[in-house]
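Student: Have a look at the structure that comes next, please.
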Amino acid sequence: MKIIFSDIDGTLINDSLKITPKTKQLILKQIKNGNLFVPVSARSPLAMKTVVDQLGDVACPIAAFNGALILDEKGNEIYSKVLPIEEAKTIIREIATVKEVTWNVYSGLKWLTKKPKTADLINEENIVGLKAYAVDLTEVERLTEAHKTLVIGQPEILDKLMKTYQKRYPELSLVKSKDTLLEIVAKGVDKGDSVKRVAEYYRVPLADTIAFGDNYNDETMLKMANKGYLMANAPEALKASWPLITADHNHDGIAEVLEKVE
């Protein structure tokens, strides 16, 4: 058995937020042949489900929140690692004072965001096909756990926040999944760790793993898998020294590789 890991946005789905027919066909063929297909995303489980459902009546393990929550094909928890809750609340309080950005916090299946909803947040809702709960900070204070916080804003602002929080909170992991999205999870949580944990859970050697991704938060996953393919739509700086590059997400990059996988 082989395991095929794939990022979602910019990788599995195209600009229309759809899995292309050819890519769907090749993924289903791999599943029929007894291989596992595992979406790995910064998205929440419910936001991942809106994409996985495009494959039809199949069940896939998933790694959500960049790997902070891993579920098997039946929805049972394989792994969960939450943020230090007081640090998460402190960051949300601070970010709430920055007018140019939008804060989000994810706790299990719950997605909370600032009130009123911003245009950036509504755009994110449209992309993932889910609605966030717009709340006051008092609701955040009631949280007992959080898997991820997300900050949406302009690249230069997020870069400054990232540097600040990396120095202040060494126990947290910060990575950009897009120029405009800053993901914050617990230290040790990354997509590469997900590859290792899922492979161990299903007793599949890393030598029998393949991964696809398009951005910086995919790097650890692509390096952990035996063969890690970067999509042609990835940032040029990331592609510059990458050994395995396939076609972009609009032109069946995943299918291009899977056609050659037995």
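The values are calculated or read from the model by the stated rules, or taken from the named source; none is laboratory data. Computed from a predicted structure; not experimentally measured. Note: ideal-geometry Cβ built from the backbone for every residue, glycine included; neighbour counts use all protein chains shown. Just the protein is used for accessible areas: all its heavy atoms, side chains included, with ligands, DNA and RNA removed. Shrake-Rupley method; radii C 1.70, N 1.55, O 1.52, S 1.80 Å.
Student: For region 67-82: of the residues being in a loop (DSSP other than H, G, I, E, B) and out of contact with any His (no Cβ under 7 Å at 6 or more places or on another chain), which is most open to solvent (accessible area, probe 1.4 Å)?
Tutor: Step by step, filter region 67-82, then rank; the result is Lys74.
Student: Test of understanding: among Glu141, Glu87, which residue is of a type in the set (D, E, K, R), touching a residue at least 40 places away in the same chain (Cβ under 8 Å), on the phi < 0 side of the Ramachandran plot and touching a helix residue (DSSP H, G or I) at 6+ places or on another chain (Cβ under 8 Å)?
Tutor: Going through Glu141, Glu87 in turn, just one is of a type in the set (D, E, K, R), touching a residue at least 40 places away in the same chain (Cβ under 8 Å), on the phi < 0 side of the Ramachandran plot and touching a helix residue (DSSP H, G or I) at 6+ places or on another chain (Cβ under 8 Å): Glu141.
Student: Mind listing whichever residues of region 19-61 are part of a loop (DSSP other than H, G, I, E, B), aliphatic (A, V, I, L, M) and either at pLDDT 95 or above or open to solvent by less than 20 Å² (accessible area, probe 1.4 Å) (or both)?
Tutor: Ile19, Ala42
Student: Going through Val185, Val204 one at a time, which residue ends up being over 25 Å from Ser107 (Cα atoms), open to solvent by less than 20 Å² (accessible area, probe 1.4 Å) and hydrophobic (A, V, I, L, M, F, W, C)?
Tutor: Unique residue meeting the criteria: Val204.
Student: Just checking, how many residues over region 102-118 are over 20 Å from Asn66 (Cα atoms) and either at pLDDT 95 or above or among the basic types (Lys, Arg) (or both)?
Tutor: Adding up the residues that qualify gives 3.
Student: Conditions: (1) in contact with a strand residue (DSSP E or B) (Cβ under 6 Å, 6 or more places away or on another chain); (2) among the aliphatic types (A, V, I, L, M); (3) open to solvent by 30 Å² or more (accessible area, probe 1.4 Å); (4) over 24 Å from Met221 (Cα atoms). Ala132 meets all but one. Number of the miss?
Tutor: (3)
Student: Which residues, taken from region 176-213, are without any contact (Cβ under 8 Å) to a residue 12 or more places away in the chain and assigned to a loop (DSSP other than H, G, I, E, B)?
Tutor: Residues of region 176-213 without any contact (Cβ under 8 Å) to a residue 12 or more places away in the chain: 200, 203, 205.
Arg203, Pro205, listed by residue number.
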